[in-house]
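Asks: This structure is in structure tokens; I'll ask about it shortly.
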Amino acid sequence: MNMQTKPPIDGNGRGTGGRRRPPRTPKGRQVDPVALSEVQALLTDKPRRRDLLIEHLHLIQDHYGHLSAPHLTSLAFEMKIALTEVYEVATFYSHFDVVKDNQSPPPPVTVRVCDSLSCAMAGAERLLQGLKLGAEVRVVRAPCMGACDRAPVAAVGHLQTFKATPDTVAAAVKAHKHPRAWTPTTGFADYQKAGGYTLLKACLDGTRTRDGLIKIASEAAVRGMGGAGFPTGRKWQLVRAEPAPRLFAVNCDEGEPGTFKDRFYLERDPHRFIEGMLIAAWVVEAADTYLYVRDEYPELRLMLLEEIAKVEAVGLSPHTKVHLRRGAGAYICGEESAMIESIEGKRGLPRHRPPYIAQVGLFGRPTLEQNVETLYWIREVVEKGASWFVSQGRRGSKGLRSFSVSGRVKNPGVKLAPAGITVRELIDEYCGGMADGETFKGYLPGGASGGILPASMADLPLDFGTLEKYGCFVGSHAVVILSDKDDMKAVALNLMRFFEDESCGQCTPCRVGTEKAARLMEQGPWDQSLLSELSAAMRDASICGLGQAAPNPLMSVLKYFPEELSKPLGKW
């Protein structure tokens, strides 16, 4: 029998004599009617668009405390997307608890204890060992929560307890409150009374021009403060040169260990940021603005929803529609292209470049991406002038920088200081010196990925481009101060474990490299040749900055602290 005359085969592999029989059982996981009605009740009349998948997953997680298989199946059915897509997104983000058919749901309350560097130095391990909260509470380790100046930190549900002790965490568990909108120090009315939104109004009524603002930003040398330091005026020009419609993505996902400056400014003066955001959207003529806020800041997210609604109600944002999107616990989404993937409702996997997001970004459109602090400074720079801003620096650097300082100093916190300041000056002039009983030993100039420098190099200027020749960089200006009580091998291992946990897994050099490096660093004497070879492979072949920068602390210890390599691995 040739292929043209062969009878068709049914679902059970038997010939049908010219007609197909339906399969005996439906294929795939079937929709549970009860679960479907529960999902529909949560979604109400919300759009079922693909880019809202993460938002809808949050609705289910918030209500039921986990994501069950029937609920995921029902959500896929309701949104008309493949169940595999829903499952891969739900399992990518650490704040989603996916429960399989043969698993029990997690306990009603989850306590996350930060074990990143600043919290580890402040006693996170002792806190973890001291928590005795019962079977109804799950205790898990978590990466940086953006409160390094108030370490150690524990989050009960989503609410954080600062300078946490077993007793304060137990009290928070007993109270177990849900997040409420943060009350900013300067609200909408007070901000307007102090001249707020005057500049935005001047832009909207034509008093100010787009080219004029670009000129001021360029002359003031305003830089992207998310870590890359790209000139803001130049970025505006590049995006404006692309065809409309253009979009705007705002990065409020500061997850770099040691960084908390965006949180600091939003807690105190959110409308200065909101005005800067609306001005930037006007400059590049972005029809839609997407504000991506990390899930570790629930009170700030709820506050921004309220404050943006006030701005919209009085007609201050006719030129752009602001969409607030919620992260779900993924450090990698601080990388601009991974953030865009997440806004689109996908896993936060960095994109290959080119094309750059200024050309092909959010939903395939030219996209401006900027950080909270960059936008926070726009109003002040324009009103006071470029000459005022550039005059603030030291040692040839221009402008002001917000340093997130944590670790072994008397007064940690966000320090607004001149660009080009040294870490020694930062400690003495802005932090009240080292903490009592601590001797300055070293410092991280730029968070987890910025490397480690010894106290003997404490007089180097801190600014973009000043530390690269030493194998370090300032990045988001997260400065962690280390003392003689800190073992540098333990510091580097803590940071490598962070990168291992936060690797998105897309590329082998980062996914496998961070895991192998952490295991080698844990075991016996460090094999310097092997660790250096592994670091080179990660730097050369990783897709994005996470894998490329992950070896920086390790290589810094090999280079600047060789006397510690023969010592046993220390603990806090």
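Asks: Please verify whether HIS352 is within 20 Å of the chain's Cα centre (by Cα) and open to solvent by 30 Å² or more (accessible area, probe 1.4 Å), treating the condition exactly as stated.
Replies: yes
A quick yes/no check of all residues on (1) in a strand (DSSP E or B); (2) of a type in the set (D, E, K, R); (3) open to solvent by less than 10 Å² (accessible area, probe 1.4 Å); (4) touching a helix residue (DSSP H, G or I) at 6+ places or on another chain (Cβ under 7 Å):
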| site | (1), (2), (3), (4) |
| --- | --- |
| LYS235 | no, yes, no, no |
| VAL239 | no, no, yes, yes |
| ALA244 | no, no, no, no |
| ALA249 | yes, no, yes, yes |
| GLU254 | no, yes, no, yes |
| TYR265 | no, no, no, yes |
| HIS271 | no, no, yes, yes |
| ILE274 | no, no, yes, yes |
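Asks: Within the group GLY447, GLY437, which residue is open to solvent by less than 40 Å² (accessible area, probe 1.4 Å) and assigned to a loop (DSSP other than H, G, I, E, B)?
Replies: Exactly one of GLY447, GLY437 is open to solvent by less than 40 Å² (accessible area, probe 1.4 Å) and assigned to a loop (DSSP other than H, G, I, E, B), namely GLY447.
Asks: Another one. Within region 402-451, take every residue that is among the aliphatic types (A, V, I, L, M) and touching a Cys at 6+ places or on another chain (Cβ under 7 Å) and give me the one that is farthest from ALA550 (Cα to Cα).
Replies: VAL409
Asks: Select from region 98-123 the residues that are in contact (Cβ under 8 Å) with a residue 60 or more places away in the chain and hydrophobic (A, V, I, L, M, F, W, C) and write down the one among them that is nearest to ALA69 (Cα to Cα).
Replies: Looking at the filtered set, the residue picked out is VAL109.
Asks: Just give me the residues in region 532-572 being part of a loop (DSSP other than H, G, I, E, B) and surrounded by 14 or more Cβ atoms within 10 Å (Cβ to Cβ), in sequence order.
Replies: SER542, ILE543, CYS544, ALA550, PRO551, PHE561, LEU569, GLY570, TRP572
Asks: Another one. Residues in region 387-408: is at least one open to solvent by 10 Å² or more (accessible area, probe 1.4 Å), at pLDDT 95 or above, closer than 25 Å to PRO152 by Cα and in contact with a strand residue (DSSP E or B) (Cβ under 6 Å, 6 or more places away or on another chain)?
Replies: Checked region 387-408: at least one residue is open to solvent by 10 Å² or more (accessible area, probe 1.4 Å), at pLDDT 95 or above, closer than 25 Å to PRO152 by Cα and in contact with a strand residue (DSSP E or B) (Cβ under 6 Å, 6 or more places away or on another chain).
Asks: Go over the candidates GLU335, GLU344 one by one and state the one that is open to solvent by 10 Å² or more (accessible area, probe 1.4 Å), closer than 27 Å to CYS510 by Cα and under 12 Å from the mean Cα position of the chain (by Cα). Explain how you work it out, then say what you get.
Replies: Numbers: GLU344 fails: under 12 Å from the mean Cα position of the chain (by Cα).
The unique qualifying residue is GLU335.
Asks: With the checklist (1) open to solvent by less than 10 Å² (accessible area, probe 1.4 Å); (2) not in a loop (DSSP other than H, G, I, E, B) in hand, flag the one item VAL382 doesn't pass.
Replies: Only one criterion in (1) open to solvent by less than 10 Å² (accessible area, probe 1.4 Å); (2) not in a loop (DSSP other than H, G, I, E, B) is unmet by VAL382, namely (1).
Asks: On to the next question. Is there a residue in region 475-496 that is open to solvent by 10 Å² or more (accessible area, probe 1.4 Å) and over 28 Å from LEU128 (Cβ atoms)?
Replies: The answer is no, given that none of the residues of region 475-496 is open to solvent by 10 Å² or more (accessible area, probe 1.4 Å) and over 28 Å from LEU128 (Cβ atoms).
Asks: Let me ask something else about it. Of the numbered conditions (1) under 29 Å from ILE340 (Cβ atoms); (2) modelled with pLDDT of 95 or more; (3) open to solvent by less than 80 Å² (accessible area, probe 1.4 Å), GLY227 satisfies every one except a single condition; which is it?
Replies: (2)
Asks: Pick out, from region 75-194, the helices (runs of 4 or more DSSP H) lying fully within it that include 1 or more residues that are loosely packed, with under 13 Cβ neighbours inside 10 Å.
Replies: Helices (runs of 4 or more DSSP H) meeting the threshold: 83-92, 124-130, 166-175, 188-193.
The values are calculated or read from the model by the stated rules, or taken from the named source; none is laboratory data. Keep in mind the model is a prediction, meaning the values are calculated, not measured. Please note: Cβ atoms are built from the backbone with ideal geometry, for glycine as well, and neighbour counts cover all protein chains shown. Heads up: the accessible areas ignore ligands, DNA and RNA and are worked out on the full protein's heavy atoms, side chains in. Shrake-Rupley method; radii C 1.70, N 1.55, O 1.52, S 1.80 Å.
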